[in-house]
Every structure is written in C-alpha cells, then in structure tokens.
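The values are calculated or read from the model by the stated rules, or taken from the named source; none is laboratory data. All figures in this text were calculated on a predicted structure; none of them were measured in a lab. With ideal geometry, Cβ positions are generated from the backbone for all residues, glycine too; neighbour counts draw on all protein chains shown. Surface accessibility is based on the protein's heavy atoms, side chains included, excluding ligands, DNA and RNA. Shrake-Rupley method; radii C 1.70, N 1.55, O 1.52, S 1.80 Å.
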Amino acid sequence: MIKLNPKLSQKFSYTLLCCAAILAIAPVILMVFIIIKNGASAISWEFLSSMPKGGMCSGGILPAILGTLSIVSCAIMVTLPVGVCAAIYLNEYAKDNMLTRIIKLAIVNLAGVPSVVYGLFGLGIFVMFLKLGVSIIAGALTLSIMELPVIITTARSSLGSVPYSFREASLSLGVSRWQTIRHVVLPNAIPGILTGAILSIARISGETAPILFTAAAFYVPHLPHSIFDQVMALPYHLYIISTQIPNMPKNIIYGTALVLLMMVLTMSCIAIFARIYFRKRRKW
C-alpha cells in the first residue's frame, strides 16, 4: 500500500477543494458579467419609471417592477405569520407522535414540489374556485403556499437552535410557556427566521410558473389599483420579451434581467447584513 506524504496530501486536497469552489462560482460570475455588459446601457430613469411603449420594444418596465413588488409583499405578509406560528407549534407545543411526524414529512415533501404544480393549484383554487380571478391576491396566495414549507423549516431550525436551558430558566421563574416563547425564545431566533424570510422573498421574486396562471398579464398599460387587479411581473415580462416579441432590442432584454437580478441580490444582501446584525446582539 502506497503511503502519501501528509503535507502533499493536504496540499492536493486543498487544491481540489479550491478548484471545486471555482467551478461552482465561475458560471455565476460569468452570467452576472454577461447580463451587466449587455444590459447596463438600457438602465436609465426613464427605463425604470415609465410605461412600455411600441409593443414593449421601447419605454420602461415600471408596471412590471411594481407588479412584482406588490405580489411578493402580499405573499410574505401571508406566509411569514402563518409559517412562524406553525413552526412555534411544531417545535414548542406539538408532541412527538405519528400525526406530528406525518406533518413534518409533508412539509419536507411540499418543499420539493415543482413550482408549476403550485401554479396549477392556485389556478384551480384561488382563480376558479374562490373566484378571485387572475389578480395580485391570487398570485400572492399561490406564492405563499409555495414558500410556506421553507418558512416553517427555517423557523423551526431557528427555534431549535435556542438552548433549552433558556426555556428551563424562564419556566423556573413561574413564567408561562407562551411568555417564555414570546420574550425568550423568539428574540433569540429572529436572526434565522428573518434570514429565511428574506431569502424566500428573493426566491419568489424570480418565480414565473406560479404567477403565470394566477397573476401575470402579457401587457397592462396602467398601474394596479387594488389587490384584485391583474399585473405585469418582471419574471413573466422577461419571458415574454425574450420569446414572444420579434425584433426586441437586446439591451432591453438584458436590462430587464439586470433589474430582476439586482432585486434578488439586494434582498440576499439585506438577509446577510440582518443576520450579522442580530447575531452581534446575541448574548450567547
């Protein structure tokens, strides 16, 4: 059996891991570079603040930006409280029995369901059965259901990371279980919950399939007036101008992709800084 020099083996392993890291990040950097190179020329105040014109071959993308923000904002307003409450119940109150294990398994499995399936579900339930129509609220509810397993899993993980001794110390002082959760457990779990919520927002901002059937419109020449209006959305708008409109200027396509990318990256950066900020405030 051949024995390798420990230093040589360590150097080889380090080199292999560095190559793997470079191979993982290189395509992302290349993609961002191509989008910025081809789309930066389209970015202007008019592009960000005006309506599409000339069959969407000119003008701006304001309706798509506001439509995306409206759908995502409504979705997170529904998902976050429901997901955190469900996580609190499963982590702090529910007993470890067959029913609880089935619920946890269902949450894990739902996280892996393709987004187009959620879109068809939203079309059947919210658009047709509840008669909400193709609207902001229908798209938001569809996205909220899609992201609910992620929020619950993240919140449960954050609640579980809080040392059990904190709960014991609080309960030993005669404080109720809910007061312990409210004043001891939740404040210490906020960094993970907040990070998971913001990353979920970043993910659903780029989803096309769920809103394709429930909220997005090919073209809407005005801004939404209520949550029951149909809207344009950046992911669907990008798909339309890339595949359905002939002679579309290349810089507008890449400019739209750049705006969507910057929205997602901004939310991811907010999640990182929020996590750092709240971690520094921890006492343990």
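Could you say whether any residue in the stretch 186-203 is among the hydroxyl-bearing types (S, T, Y), in contact (Cβ under 8 Å) with a residue 24 or more places away in the chain, in contact with a Pro (Cβ under 8 Å, 6 or more places away or on another chain) and assigned to a helix (DSSP H, G or I)?
Looking for residues that are among the hydroxyl-bearing types (S, T, Y), in contact (Cβ under 8 Å) with a residue 24 or more places away in the chain, in contact with a Pro (Cβ under 8 Å, 6 or more places away or on another chain) and assigned to a helix (DSSP H, G or I), one finds none in the stretch 186-203, hence no.
What are the residue pairs meeting all of these: first residue in the stretch 92-119, first residue closer than 25 Å to G139 by Cα, second residue open to solvent by less than 70 Å² (accessible area, probe 1.4 Å) and outside any helix (DSSP H, G or I), Cβ atoms under 6 Å, and 6 or more apart or on different chains?
S115/E207
Picking from L110, L123, which residue would you name as being in contact with a Ser or Thr (Cβ under 7 Å, 6 or more places away or on another chain) and within 29 Å of F228 (Cα to Cα)? Before the answer, list the steps.
Values: L110 fails: in contact with a Ser or Thr (Cβ under 7 Å, 6 or more places away or on another chain).
Criteria check complete, one pass: L123.
Can you find even one residue in the stretch 130-141 that is without any contact (Cβ under 8 Å) to a residue 40 or more places away in the chain and open to solvent by 20 Å² or more (accessible area, probe 1.4 Å)?
Within the stretch 130-141, one or more residues are without any contact (Cβ under 8 Å) to a residue 40 or more places away in the chain and open to solvent by 20 Å² or more (accessible area, probe 1.4 Å).
Could you tell me whether the stretch 16-36 includes any residue that is in contact with a helix residue (DSSP H, G or I) (Cβ under 9 Å, 6 or more places away or on another chain) and either among the polar types (S, T, N, Q) or at positive phi (or both)?
No, the stretch 16-36 contains no residue that is in contact with a helix residue (DSSP H, G or I) (Cβ under 9 Å, 6 or more places away or on another chain) and either among the polar types (S, T, N, Q) or at positive phi (or both).
Among the candidates S242, S268, S172, S200, single out the residue that is open to solvent by 70 Å² or more (accessible area, probe 1.4 Å) and of a type in the set (S, T, Y).
That would be S172, the only listed residue that is open to solvent by 70 Å² or more (accessible area, probe 1.4 Å) and of a type in the set (S, T, Y).
Only one of these is under 15 Å from the mean Cα position of the chain (by Cα) and either at pLDDT below 90 or closer than 29 Å to F166 by Cα (or both): S226, S205, S242. Name it.
Values: S226 fails: under 15 Å from the mean Cα position of the chain (by Cα); S242 fails: under 15 Å from the mean Cα position of the chain (by Cα).
Only one candidate qualifies: S205.
Mind listing just one residue for me: the one in the stretch 87-123 that is open to solvent by 80 Å² or more (accessible area, probe 1.4 Å) and basic (K, R) and, of those, farthest from I211 (Cα to Cα)?
Residue satisfying both the conditions and the ranking: K95.
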